[in-house]
Structures are given as C-alpha cells and as structure tokens.
Amino acid sequence: MMVVGRRRPEPEQGHGSGISIGGNNNAPNQNVVGQNISHVYQSASVQGAVDIEAVRGLLTSFRADVERNEAGLANAAVLRAMADTVDTSLTAPDTQAGTLRGIAQTLPALVAGTVVQQGGEALANAIAGWLS
C-alpha cells in the first residue's frame, strides 16, 4: 500500500560519502570523479575599494606563482610580460588606464584552467576595482 504525499525517511549518511540526494550532508565536497575539492575560493568584483598597494601585493604574488609554475604554463612568457606591463602602468595609471583595463579583461582567459588561475583572476579583479 502506498500513501500519497509522504516520503520515506532518508537514512543518515556517514561522513566521507561526499554524495547527497536530499537530507543533510556534512561530508567533504567532492567533484564528479571523487577527488576532494579544497582551496576553493569565491571572488567578486569590488568596485572602488581597492588601493594600489593591494594591486602591487597581488602582482607580486602572481609573478611568484608564474615563476614557480613556469614549466607547466604554455603561456608563461605572455603572463610575465603582462605582469611587467601592469607594474610599469602602476606608476602612471592615468596614461595607462586603457592598457590596465585590457589586461584586467584578458588575464582571466589566459589563466583559465591553469595552476595560476586563482592568482590571475584575483589580480584582474583588483586592477578592475582599482580603476573604477
């Protein structure tokens, strides 16, 4: 006999399953191939709240990431050149605003799917926020 409008109680899941179909799940997040996902960050554009020192700090960090991972980056030379351009442009931002905007728009596509994606996107967001 089936009762309409009632659901069976969901069994409690143990920690570590990583899969939930309804109910509470306190297990670690996993991607579709079962690997644990860690160091996931969410970024948002912050307009007008970024200072030049924050951009310089992210630029330094990004450069270090590119140098450390150079062997695995197909476009390391391009990324270094972009970092150099940002560094130079920070001294004269008024005359270089168009260049900086272009880098902020282009950089995320160049770092997508690479080990420097997080740093590149953070730098691009900081540049865009600083310019606005």
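In order along region 104-110, the phi-based Karplus estimate (6.51 cos²θ - 1.76 cosθ + 1.60, θ = phi - 60°) of 3J(HN,Hα) comes to 4, 7, 8, 4, x, 5, 6 Hz; Gly and Pro are listed as x. Extending 7 Å from the Cα toward the beta-carbon at both Thr95 and Thr60 defines two label points whose distance is 2.6 nm. In order along region 123-131, phi translates into HN-Hα couplings of 5, 4, 5, 5, 4, 4, x, 5, 6 Hz, rounded to whole numbers, per the Karplus curve 6.51 cos²θ - 1.76 cosθ + 1.60 with θ = phi - 60° and x for Gly and Pro.
Tally Lys and Arg at +1 and Asp and Glu at -1 over the other residues with C-beta under 15 Å from the C-beta of Leu79: what net charge comes out?
Working: positive: Arg63, Arg68, Arg80; negative: Asp65, Glu67, Glu70, Asp84, Asp87, Glu121.
Combined, the nearby Lys, Arg, Asp and Glu give -3.
Read-outs throughout are calculated quantities, based only on the coordinates presented, and are distinct from any laboratory measurement. This one's a predicted model, so the numbers in the text were calculated from it and none came from an experiment. Cβ sites come from the backbone with ideal geometry, for glycine too, and all protein chains shown count toward neighbours.
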